[in-house]
Amino acid sequence: MNNTISLQLGDVQTTALIPVAIKASESLRKNPRVKDDVAVDIVRHLDVDTSKYDKFMSHEGVIARTVMLDRFISNFVALYPQAVVVNLGAGLDNRFPRVDNGRIHWFDVDFPDMIEARKKVFPPRPRVSLVASDVLKDDWIAPVLEKAQSIDDPDMLFLAEGLFMYLTLDEIGSLLNMLKSSFPHGTLIAEQNNPMLVKHQKHHDTVSETNAVFKSGTWSAKELEALCPGIRVTDEHSLNEEMAGHSLRGWLFAHLLPKMNDRLATIVW
Ligand SMILES: C[S@@+](CC[C@H](N)C(=O)[O-])C[C@H]1O[C@@H](n2cnc3c(N)ncnc32)[C@H](O)[C@@H]1O
């Protein structure tokens, strides 16, 4: 990237700058837990001061979820080398090269303005497709199904990283039902926040710097099973598991307020 990048993003889309700012600053540390050169490049060229999006709690949470999801997806890809991965609400995420095995197919789905932003900052990549669509509309299903049908019975992995908190429970239910009725089998990894964070969102260290609104939260991903008969939550891990090992503040947070951190739930059907 040589020129200043100017992005015109809607309210919820702006939240994608938070993980970018965090992954950029982490990448420049001495022993980075996550290395994302595209994020560094974006932050260097963006006409916005992103320091307001890189605060301690958000930083540790985003890095923990990135490390945990990278690990989970790499394991999934090792088991299912022809997997089709669909990143719902992809923002400016750059996970593909970190987990690619040279065979998977990857879809990044987000609103049209975010997809335009991705086109400005990422070169076209083989086996990566961009789909401009609201995840709640079924426009993105056909291109994904077309690819899936061209591969012999691929394993489908869907990611919802930093997405569900911006949807109501009804909307999450519609999305889950859409996934279940469109794909015979699948695995979804969904980040969950909790109702307390929704209530106190004005105090969130970085999302409060945007105009986005948290619309829902759960105390257990099991609550989602009631929204879509036939899905099963098989696993749920707090970001504390990763975060507690990296700083005293992270350890204290994880041990004094164990239920307050986001969780990554595995859902299958
Ligand atoms: C906090 S960002 C997370 C971005 C990315 N997953 C990451 O972790 O870096 C939330 C993203 O969800 C997207 N998003 C929220 N609601 C959406 C919807 N209904 N349809 C498509 N994308 C949506 C936003 O545009 C934004 O890119």
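Remarks
- In segment 1-79, trypsin sites (Lys or Arg not before Pro) in a DSSP loop with at most 14 other beta-carbon atoms within 10 Å: Arg29, Lys30, Lys35
- Exposure proxy order (Cβ contacts within 10 Å, fewest to most) of His246, His59, His255: His255, His246, His59
- Relative contact order (%) - criterion: Cα under 8 Å, at least six apart; region: the chain: 19
- By the rule of a C-alpha distance below 29 Å, with chain neighbours fewer than 8 residues away ignored, the lysines paired with Lys222 are Lys137, Lys180, Lys199, Lys202, Lys259.
- The chain, helix-only ellipticity at 222 nm - DSSP H runs n ≥ 4, -39,500 (n - 2.57), divided by all residues, nearest 500: -11000 deg cm²/dmol
- Under 20 Å from the Cα of Lys147 - aspartates and glutamates, other chains or at least 8 residues apart: Asp100, Asp108, Asp110, Asp134, Asp138, Asp139, Asp155
- For segment 26-168, the relative contact order works out to 24 percent when only alpha carbon pairs closer than 8 Å and six or more residues apart are counted.
- Relative contact order [Cα under 8 Å, 6+ residues apart], segment 1-103, whole percent: 29
- Coordinate range along principal axes, alpha carbons of segment 68-268, Å, largest first: 49, 37, 35
- Extension gain, Leu252 to Asn101, is 50.6 nm, computed as 0.36 nm per intervening residue step minus the present C-alpha separation.
- For peptides 232-243, 77-88, sequence by mean Cβ density within 10 Å, most packed first: 77-88, 232-243
- Cut-off 11 Å between beta-carbons: net charge of the residues surrounding Thr266, Lys and Arg +1, Asp and Glu -1: 0
Here, each number is a calculation from the coordinates, and none is a lab measurement. Not measured: the values here are computed from a predicted model. Counting neighbours? That spans all protein chains shown, and the Cβs are built from the backbone with ideal geometry, glycine included.
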